[in-house]
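Asks: Below you'll find the structure I mean.
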Amino acid sequence: ARAVAMEIPFVATAGGPARERVAELLSAAEVLAARAGRIHAIGLCKMATGTSHYLVGRWRDALAAFDESEAIFRERCTGAQGERSAAIAMTSWDLWFFGDLREFSRRIPIYLHEAEERGDRYLSAQLRSYLSNAHWLIQDDIEGARRAADLAIESWSRAGFHLQHLHDLVARAQIALYEGDGEAAHAALQERWSALKKSMSLRLQVVRIL
């Protein structure tokens, strides 16, 4: 059940073209999780459902599934902090795409405070960068957005081009666009375009669209 649930987000990165295969895997995972009666597997199925909705732009459905999975990992599982952190990060990005900026702005500080209290550096970085970095821009705090982006990337490896480097690129571009400097946003993309292509991140439909 867990293995099938964990496979779903990888298949779903293809977006629309993978919809039928994702539906088949979701059905199989849910049957296996119910048969096993393991709440952790059920939580993974809920998160996989949210991810599959997210990757085809069904933001409202994704939000409901992510919230449900996060509650399961928080209230009914032990040793599932990594899974919960993933659900929280995906929830924050989903809220941004969904356009519920009031709820987005309400949740980011709560999530970030909890992550820092737990010493969860990975989630803290996720919440300070990428789409979540817009939290500071919504407050018209450009320097705060820049400081948050700096904190998110400063301890990450400079070698290669990882998901965190993509997140940093998006955050820097958003900041530049908010400042009205489209040329700087374009220059940042041009500078990292070759590394972005080599990283294979553009195989994710959502990344290509973004």
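The values are calculated or read from the model by the stated rules, or taken from the named source; none is laboratory data. Since we're looking at a predicted model, the values are computed, not measured. Note: ideal-geometry Cβ built from the backbone for every residue, glycine included; neighbour counts use all protein chains shown. We work out accessible area using only protein heavy atoms, side chains counted, and drop any ligands, DNA or RNA first. Shrake-Rupley method; radii C 1.70, N 1.55, O 1.52, S 1.80 Å.
Asks: Could you pull out the residue among 104, 97 that is open to solvent by less than 20 Å² (accessible area, probe 1.4 Å) and at pLDDT 95 or above?
Replies: That would be 104, the only listed residue that is open to solvent by less than 20 Å² (accessible area, probe 1.4 Å) and at pLDDT 95 or above.
Asks: Same structure again: Please state which one of 5, 23, 62, 80 is modelled with pLDDT of 95 or more, in contact with a His (Cβ under 8 Å, 6 or more places away or on another chain) and under 26 Å from residue 210 (Cα atoms).
Replies: Checking each option against the conditions leaves just 62.
Asks: Any residue in the stretch 126-138 that is surrounded by fewer than 15 Cβ atoms within 10 Å (Cβ to Cβ), among the basic types (Lys, Arg) and either free of Cβ contacts under 8 Å to residues at least 60 places away in the same chain or assigned to a loop (DSSP other than H, G, I, E, B) (or both)?
Replies: There is no residue in the stretch 126-138 that is surrounded by fewer than 15 Cβ atoms within 10 Å (Cβ to Cβ), among the basic types (Lys, Arg) and either free of Cβ contacts under 8 Å to residues at least 60 places away in the same chain or assigned to a loop (DSSP other than H, G, I, E, B) (or both).
Asks: Turning to a different aspect of this structure: Just for the stretch 154-179: of the residues that are within 17 Å of the chain's Cα centre (by Cα) and aliphatic (A, V, I, L, M), which one is most open to solvent (accessible area, probe 1.4 Å)?
Replies: 163
Asks: Among the residues of the stretch 54-86, which ones are open to solvent by less than 50 Å² (accessible area, probe 1.4 Å), on the phi < 0 side of the Ramachandran plot and not in a helix (DSSP H, G or I)?
Replies: Matches in the stretch 54-86: 55, 56, 77, 80.
Asks: Then there is this: Does residue 51 satisfy the condition of being touching a Pro at 6+ places or on another chain (Cβ under 7 Å), surrounded by 16 or more Cβ atoms within 10 Å (Cβ to Cβ) and not hydrophobic (A, V, I, L, M, F, W, C)?
Replies: Answer is yes for this residue.
Asks: Right, next: Only one of 110, 142 is at pLDDT 95 or above, open to solvent by 70 Å² or more (accessible area, probe 1.4 Å) and among the β-branched types (Val, Ile, Thr). Can you tell me which?
Replies: The match here is 110.
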